[in-house]
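Here, each number is a calculation from the coordinates, and none is a lab measurement. Because the structure is a prediction, the values reported are computed rather than measured. All Cβ positions, even for glycine, are placed from backbone atoms using ideal geometry, and neighbour counts span all protein chains on display.
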Amino acid sequence: MPEYKAPLREIKFVMSELLNSEQHYAGLEGAEDATPDMVDAIIQEGARFSEQVLAPLNRTGDLEGCRWSADGVTTPTGFKEAYQQYVEGGWPSMSADPAYGGQGLPGSLSIVMNEMVGTANWSWGMYPGLSHGATHTVETHGTEEQKQIYLTKLISGEWTGTMCLTEPHCGSDLGILRSKAEPNPDGSYSISGTKIFISAGEHDMAENIVHIVLARLPDAPEGTKGISLFIVPKFLPTADGEVGDRNAVTCGSIEHKMGIHGNSTCVMNFDGAKGWLIGPENKGLNCMFTFMNVARIGTAIQGLGAAELGFQGSLAYARERLAMRSLTGAKNPEGAADPIIVHPDVRRMLLTQKAIAEAGRALIYLTAQQADIVQRGKTDEERHNADELLGFLTPIAKAFVTEAGYEAANLGLQVFGGHGYISEWGMEQNVRDARIGMIYEGTTGIQALDLLGRKVLLTQGESLKNFTKQVHLFCKEHAANEQLSEFIEPLQAINKEWADLTMKVGMSAMNNADEVGAASVDYLMYSGYAVFAYLWARMAQVALAAMADGTTEEAFYHAKLLTARFYFKRLLPRTKAHAVSMLAGADTLMDLPDESFAF
């Protein structure tokens with residue numbers, strides 16, 4: 001198994017040097033406690049917990065998996081005890097409202113912790129990860145009574161949460177869900193239906209599980225306009241807010257799946273379970289998006305974690321594994337062969353993983369900062385602008401980082417050659433665990449439709465313009481810097497082409513709506529590479545400035561500059577293929593009759 005080490009220097013670079021987190025926190029309401037010393041202490045302790053407690057359980061979770069019985073689900077050895085340490089450490093409450101027991105720190109700081117936890121042990125990290133979304137949903141849409149009962153327990157970590165959306169007959173098309181909610185005389189509702197693919201839906205790590213459930217009220221409108229949202233606890237709370245009688249919600253089975261074996265993916269049966277409406281009637285999907293947007297950023301972290309873990313594992317192996325001689329002469333003349341890190345193709349794979357992981361981290365932390373501003377910005381204008389940028393970047397972060405992260409995980413395995421295919425090295429587990437990221441919280445195709453259809457075309461390109469304007473201003477500011485020209489010139493070109501391609505796709509879509517679906521995934525991938533280019537140009541600028549000022553970490557900043565150069569020369573050109581493909585037209589996909597797909 002790769003020995004996970006939290007990339008603390010990389011985290012510090014993105015937070016402090018690229019995104020200026022100290023200034024960012026100073027500009028937020030109620031973030032006074034996020035001082036540099038406090039932030040550093042939290043990250044150091046989070047790294048220790050992730051490396052020493054969670055990482056050793058990653059292989060255990062994969063081998064043992066979860067065990068189902070009629071009495072419930074048992075998690076792998078050590079998972080429950082690790083969760084108790086997590087709760088005792090106060091981690092669940094870090095960014096929650098102090099009025100309900102939280103510490104009130106910015107959510108972006110929790111994202112850093114989530115990265116380390118998720119990279120060390122993604123399966124384990126999903127248990128508290130789902131609780132963050134449930135917490136945010138109750139915090140945003142719940143009544144004061146609901147907050148006192150459920151929010152306090154979710155924040156303390158005594159109870160965990162889930163979101164229950166998907167049903168056997170519908171995947172992401174929630175407009176056709178069938179779960180029902182019948183009103184009870186006491187103001188509660190009787191919830192009936194079956195939900196599938198419910199991560200952390202049943203387990204033995206906490207005393208209660210709070211399910212956030214979508215269902216239809218009687219006589220509700222058809223489609224997505226007739227969906228309401230409900231709180232349905234595993235155990236009904238008593239009058240004093242403690243665990244009471246068992247509710248009529250059970251885990252019918254757990255899925256046998258490709259990866260993330262340590263997390264229970266459940267079929268949940270609601271047989272007249274008692275629940276309470278959260279938010280307005282028939283507005284459940286709107287409220288659920290609070291949960292889903294948090295979860296989408298969380299899923300992006302899985303792509304980052306897969307890239308980082310694959311890189312760490314394959315880098316260590318490439319330095320030690322001897323095979324063949326360098327084409328330019330022996331680099332290890334005293335040994336039987338040279339370490340494989342000297343071979344150009346191995347370096348291509350390592351640099352691809354490194355470039356994806358470091359830009360993925362920058363993008364995720366950037367989106368987390370926008371979420372901070374939406375929640376705690378000091379002016380309406382600040383909050384509005386951050387919300388616009390967050391909405392634009394979220395589908396890119398979720399879909400592109402998981403796609404690129406999966407590529408990186410595969411490259412990590414490939415560096416090992418045949419050994420990568422063998423379980424004991426842990427690289428094939430990383431590939432299996434990473435694969436779900438492109439499906440969670442809306443597939444890549446759905447995220448692409450959201451980006452191109454809703455976020456870009458539906459706003460007449462305004463959300464794109466808001467971002468490309470930032471890129472333009474960055475390029476203009478550094479146009480005279482000759483050392484940056486190798487990054488600024490191609491970035492300017494792709495920024496302009498991005499707008500031109502958008503207009504061409506939009507014009508085609510006016511005549512045929514299928515053009516949006518036909519172009520969308522290529523458009524999203526193009527957008528992801530463009531955003532990464534902007535971030536790598538910024539990282540190169542920071543590195544050059546640090547070296548110009550004089551630094552004791554010359555090697556670190558020089559590596560940043562060389563990785564940026566690799567990205568621009570080797571990975572950014574992929575946009576050319578995506579540009580051609582997105583303009584190829586819907587007819588290349590739609591003209592073949594359905595029956596002609598048959599054998």
Indicate the gyration tensor shape class of region 1-134 (rounded, prolate or oblate), computed on the Cα atoms with a ≥ b ≥ c the square roots of the eigenvalues: a/c under 1.5 is rounded; otherwise a/b larger than b/c is prolate and the rest oblate.
oblate
Using a 10 Å cut-off around each Cβ, can you sort S192, S123, S520 from fewest to most neighbouring Cβ atoms?
S192, S520, S123
Taking r as the C-beta separation of Q483 and T140 and R0 as 41 Å, the FRET efficiency to the nearest 0.05 is 0.35
Shape verdict for region 144-268, please, from the Cα gyration tensor: rounded (a/c under 1.5), prolate (a/b greater than b/c) or oblate.
oblate
If you average the C-alpha positions of region 1-57 and of region 456-533 separately, how far apart do those two centres end up, in angstrom?
31 Å
For the chain, what relative contact order do you get, as a whole percent, if you take Cα pairs closer than 8 Å and at least 6 residues apart?
13 percent
Considering only the chain, percent of DSSP beta bridges that pair antiparallel, nearest 5
85 percent
Could you work out how far the C-alpha centroid of region 413-453 sits from that of region 241-261, in angstrom?
26 Å
Relative contact order of region 443-589, please, whole-number percent, based on alpha carbon pairs below 8 angstrom and at least 6 residues apart.
30 percent
What does the helix-only formula give at 222 nm for the chain: each DSSP H stretch with n ≥ 4 adding -39500 (n - 2.57), the total divided by the residues, and the result rounded to the nearest 500 deg cm²/dmol?
-17000 deg cm²/dmol
How many nm is it between the label spots at Q84 and K225, if each spot is 7 Å from the Cα in line with the beta carbon?
5.2 nm
Based on a Kirkwood Rh over C-alpha pairs, give the Stokes-Einstein translational diffusion coefficient of the chain at 10 °C and viscosity 1.306 mPa s in µm²/s.
63 µm²/s
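Can you tell me the FRET efficiency between Q23 and A337 if r is taken as the Cβ-Cβ distance and R0 is 51 Å, rounded to the nearest 0.05?
FRET efficiency, Q23 to A337: 0.55.
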Cross-link candidates for K180: which aspartates and glutamates have Cα within less than 20 Å, leaving aside residues fewer than 8 places away along the same chain?
E167, D219, E222, D271, E281
Below 8 Å between Cα atoms, with a sequence gap of 6+, how large is the relative contact order for region 273-427 in percent?
34 percent
With the cut-off at 1.5 for a/c, could you classify region 411-535 from its C-alpha gyration tensor as rounded, prolate or oblate?
oblate
Tell me, what is the FRET efficiency for N466 and T552 to the nearest 0.05, using R0 = 41 angstrom and their Cβ-Cβ distance as r?
0.60
Measure off 7 Å from each Cα along the Cα-to-Cβ vector at Q148 and L322, then give the distance between these two points in nanometres to one decimal.
7.2 nm
Could you sort the peptides 427-433, 83-89, 12-18 by per-residue average Cβ neighbour count (10 Å cutoff), highest mean leading?
427-433, 12-18, 83-89
